[in-house]
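Notes for the one structure printed next.
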Amino acid sequence: MFTGIVAAVGKIESVKPLEGGSFAGVRLDINAGGLPLADVGLGDSIAINGACMTVVEKDATNFRVDVSRESLNKTVGLDTTTEVNLEKALTLNERLGGHLVSGHVDGLGVVRKFEPVGESWELVVEAPHDLAKFLAYKGSIVVNGVSLTVNRVTDIGAGADLVCQFSINLIPHTIAMTTLKHLTVGAKVNLEIDLIARYVERMVSVGAAGK
């Protein structure tokens, strides 16, 4: 589990294909930046742009993870040398500063607006159709590993054509401490819906089916 509070911005320094042809994944060599690695062991989890990955090698400054082809197909930003948001797995003696995050990406959103508003920035993301029901005013959402609060939700269209756009206010601290500063209109982002919303939807749908 994670909190969605980014601990450091690291950088993917190399992407090496694993054996297995076109169906194989890749091994990432990541410079941890300001993320301390002294207490990280092999097999530990680190969220990379919101995707939970397992450490398979490490040294004083870098760690390496293997990313499956399935994970590459379901996420963005894990197949190229670029800056990434990093967070170590939550321990029971830490503050829960964001919200409970599993590190499992639910879908890819598309940035529709990213503009300064006063001292902050407004980020508008279009979410996939199947995630629209999980987005709510003042609810939580994870964008590229960052726990954020939804300020506005707008549903466009109906039925199978429904798309959902949500707006987020990014304060200067978030801009400075994460990779969200690099977003541009049209860019894809990793999204994880609120954990509680996921279970509520399941309970409601099963209850309705049983009537």
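Can you give the relative contact order of the chain as a percent, counting alpha carbon pairs under 8 Å and 6+ residues apart? Write out the running numbers ahead of the final one.
Numbers: 498 pairs, mean separation 47.7, N = 211.
Relative CO of the chain lands at 23 percent.
How large is the dipole of the chain about the Cα centre if only Lys and Arg carry +1 and Asp and Glu carry -1, each at its Cβ, rounded to the nearest 20 debye?
Around 340 debye, computed over the chain.
What nm value, rounded to one decimal, do you get for the distance between V56 and R202 when each label is placed 7 Å out toward the C-beta?
Inter-label distance under the simple model: 2.9 nm.
Quick one: what do you get for the range 149-192 if you divide its Cα Rg by 2.2 N^0.38 Å?
Expressed relative to 2.2 N^0.38 Å, the Cα Rg reads 1.41.
Give the residues of the range 68-93 whose amide nitrogen is closer than 18 Å to a point set 7 Å from the Cα of D44 in the direction of its Cβ.
Residues 85-93 fall inside that zone.
Give me, ordered by chain and number, the residues 5 or more places off L18 or on other chains with an amide H under 5 Å from its own placed amide H.
The list, which skips near neighbours in sequence, is G25, V26, R27.
Once you put a point 7 Å from the Cα of K113 and another 7 Å from the Cα of L92, both along the Cβ direction, what distance in nm separates them?
Rounded to a tenth, the inter-label distance reads 4.5 nm.
Under the Kirkwood approximation for Rh and a Cα-based Rg, what ratio Rg/Rh is obtained for the range 107-210?
1.00
Quick one: what do you get for the range 8-88 if you divide its Cα Rg by 2.2 N^0.38 Å? Don't skip to the end; give the middle numbers.
Details: Rg = 11.7 Å, N = 81, 2.2 N^0.38 = 11.7 Å.
It is 1.00.
For the chain, find the longest principal axis of its Cα atoms and tell me its angle to the long axis of helix 195-209, 0 to 90°, nearest 10.
Here the helix axis deviates by roughly 50 degrees.
Helix-only estimate, please: 222 nm mean residue ellipticity of the chain, summing -39500 (n - 2.57) across DSSP H runs of length 4 or more and dividing by its residues, to the nearest 500.
Mean residue ellipticity, 222 nm, calculated: -3500 deg cm²/dmol.
Name the lysines eligible as straight-distance cross-link partners of K16: C-alpha to C-alpha under 17 Å, and not fewer than 8 places from it in the same chain.
By straight Cα distance, K16 reaches K58.
Laboratory data are not the source of any read-out in this text; all were calculated from the coordinates shown. The structure displayed is predicted, hence computed values, not measured ones. Cβ: placed from backbone, ideal geometry, glycine included. Neighbour counts: every protein chain shown.
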